[in-house]
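The values are calculated or read from the model by the stated rules, or taken from the named source; none is laboratory data. The structure presented is a predicted model; accordingly, all values stated were derived computationally and were not measured. FYI the Cβ positions are ideal-geometry reconstructions off the backbone, even for glycines, and counts take in every protein chain you see.
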Amino acid sequence: MIELTEIAANEVKDIALKEEIDIARIHLRVGIKGGGCSGFSYLLDLTEDKDDSDEEFSQHGLKVICDPKSYLYLNGTVVDFSEGLMGKGFVFENPNSTSTCGCGSSFSA
């Protein structure tokens, strides 16, 4: 499972509200793509599209989906949101990564 913290869920809801997106009609897609400093980059997207093969979770009033290929690398990941001295943004705690880049937005497995 991919866990979305309540703080991260609230940030996604705030973004949807600002963009005038109906949260009941969309999914938060969590995935990966090739690239970044370490080999894979994390992907977050608000979308109405869902494939039959997607893993789906409901957390804090959001529908979270992940494609099967990304799920192999993201199962057990916690997605949080941080507001620190170095800025704010989504943070991924991925137990499957063997190394991460300095900015935390990419990893290798």
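General observations
Okay, residues lined up against (1) surrounded by fewer than 16 Cβ atoms within 10 Å (Cβ to Cβ); (2) outside any strand (DSSP E or B); (3) touching a strand residue (DSSP E or B) at 6+ places or on another chain (Cβ under 8 Å); (4) at pLDDT 95 or above:
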{"residue": "24", "(1), (2), (3), (4)": "yes, yes, no, no"}
{"residue": "29", "(1), (2), (3), (4)": "no, no, yes, yes"}
{"residue": "33", "(1), (2), (3), (4)": "yes, no, yes, no"}
{"residue": "42", "(1), (2), (3), (4)": "no, no, yes, no"}
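- Some residue of the range 30-39 being touching a residue at least 12 places away in the same chain (Cβ under 8 Å) and in contact with a His (Cβ under 6 Å, 6 or more places away or on another chain): no
- Flag for residue 66 being surrounded by 11 or more Cβ atoms within 10 Å (Cβ to Cβ), at pLDDT 95 or above and either touching a Ser or Thr at 6+ places or on another chain (Cβ under 9 Å) or under 28 Å from residue 25 (Cα atoms) (or both): yes
This table checks each residue for (1) free of Cβ contacts under 8 Å to residues at least 40 places away in the same chain; (2) out of contact with any Ser or Thr (no Cβ under 9 Å at 6 or more places or on another chain); (3) over 24 Å from residue 97 (Cα atoms).
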residue	(1), (2), (3)
16	yes, yes, yes
23	yes, yes, yes
51	yes, yes, yes
71	no, yes, no
74	no, yes, no
79	no, no, no
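- Check on residue 49, at pLDDT 90 or above and either exposed (fewer than 13 other Cβ atoms within 10 Å of the Cβ) or part of a loop (DSSP other than H, G, I, E, B) (or both): yes
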